[in-house]
Amino acid sequence: MKILIIEDELEIAQSIKNYFRTNGIQCETAENYNLALSKIESYDYDCILLDLMLPDGDGFDILRELKRKNKTDGVIVVSAKETLETRLEGFNLGADDYLTKPFHLSELLVRMQALIRRKNFKGCNNITFNEITIDILSKSVTINNIKLDLTKKELDLLLFLIGNENKVLSKSAIAEHLSGDMADMLDNHDFIYAHIKNLKKKLHQAGSGDYIKTVYGLGYKWENE
């Protein structure tokens, strides 16, 4: 998962980031409106946590911008505003969920995981693709009921590929998903080839089909044989 936290209160943003990281979730932050706009224009996120009250802009305008650009990032509004009118405006502008401050980090995590499951995997905690079964909550993968040992990056890559079945994913899109805005600082995306190669090898050795296809000059895609 790759999350963007749009929050001007740095202590809150850091506490969310630290908590999510212990749960294996990659987080980026934006403490103001302009930085948030720059990030959502440059990257795609599994979920955006959006504070409505920003020092240089309105969180509702970010929702409008996401809608205008036809972005499909999930959005959870996290705000001290708790009026019915504010909630309704957020939902009408495309927010998927609304959580009022103060909140428990464990509840935020559960809501975010549920949102991503709804968007990517039809709400399922267990994903099955032929002989492959992935338990999202326990982060375990089995092939023909035999457990497969994957690194965190390999599991993230597997979920990204399956969640975008039959779509061609460029190396830059995969790099962005696995490394976030750090991908822009890399000289090349050779590490993507290494992750793809290792994942394919592990799947093959475990008896899985050859679902990862190379689309020469474009990237990779996951498709049924």
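Worth a mention:
- GNM flexibility winner over the chain from E176, E154, E131 (Cα, springs under 10 Å): E131
- If you run the Gaussian network model on the chain, springs between alpha carbon atoms under 10 Å, then out of D51, D210, D97 the most flexible one is D210.
- q = 0.15, 0.17, 0.22, 0.25 Å⁻¹, the range 5-104: log10 I(q)/I(0) [Debye, one scatterer per Cα]: -0.55, -0.71, -1.24, -1.57
- Treating r as the C-beta distance of T214 and R68 and R0 as 30 Å, the FRET efficiency rounds to 0.30.
- The apolar share of the surface of the chain, taken as the fraction of accessible area on carbon and sulfur atoms (1.4 Å probe, ligands and nucleic acids excluded), comes to 49 percent.
- Amide H contacts under 5 Å for V75: I48, D96, D97, restricted to partners 5 or more places along the chain or on a different chain, H placed in the peptide plane at 1.01 Å from N.
- Cut-off under 5 Å, modelled amide H: who pairs with L169 long-range: Y220, K221
- Gyration tensor (alpha-carbon) shape descriptor, the range 88-209, a/c threshold 1.5: oblate
- Residue-normalised accessible area of the chain, expressed per residue, 1.4 Å probe, Å²: 52 Å²
- In the range 83-158, the chymotrypsin sites (Phe, Trp or Tyr not before Pro) that fall in loop regions by DSSP, at most 15 other Cβ within 10 Å: F103
- Sorting H104, H177 by solvent-accessible area of protein heavy atoms yields H104, H177, largest first, with a 1.4 Å probe.
- Candidates per trypsin sites (Lys or Arg not before Pro) in the range 56-152, loop by DSSP, up to 14 other Cβ within 10 Å: K69, K122, K139
- log10 of Debye I(q)/I(0), alpha-carbon scatterers only, for the chain at 0.09, 0.16 Å⁻¹: -0.39, -1.13
- Above-threshold pairs, the threshold being 23 Å between Cα atoms, out of K39/K171; K171/K197; K167/K201; K69/K153; K17/K201; K39/K139: K69/K153; K17/K201; K39/K139
- Antiparallel bridges, percent of DSSP beta bridges restricted to the chain (to nearest 5): 55 percent
- At the residue level, D149 shows approximately 120 square angstrom of accessible surface with a 1.4 angstrom probe and all protein chains present.
- Extreme residue, positive dipole direction of the chain, given options V141, S15, G219 (C-beta unit charges): V141
The values are calculated or read from the model by the stated rules, or taken from the named source; none is laboratory data. Computed from a predicted structure; not experimentally measured. Note: ideal-geometry Cβ built from the backbone for every residue, glycine included; neighbour counts use all protein chains shown. Just the protein is used for accessible areas: all its heavy atoms, side chains included, with ligands, DNA and RNA removed. Shrake-Rupley method; radii C 1.70, N 1.55, O 1.52, S 1.80 Å.
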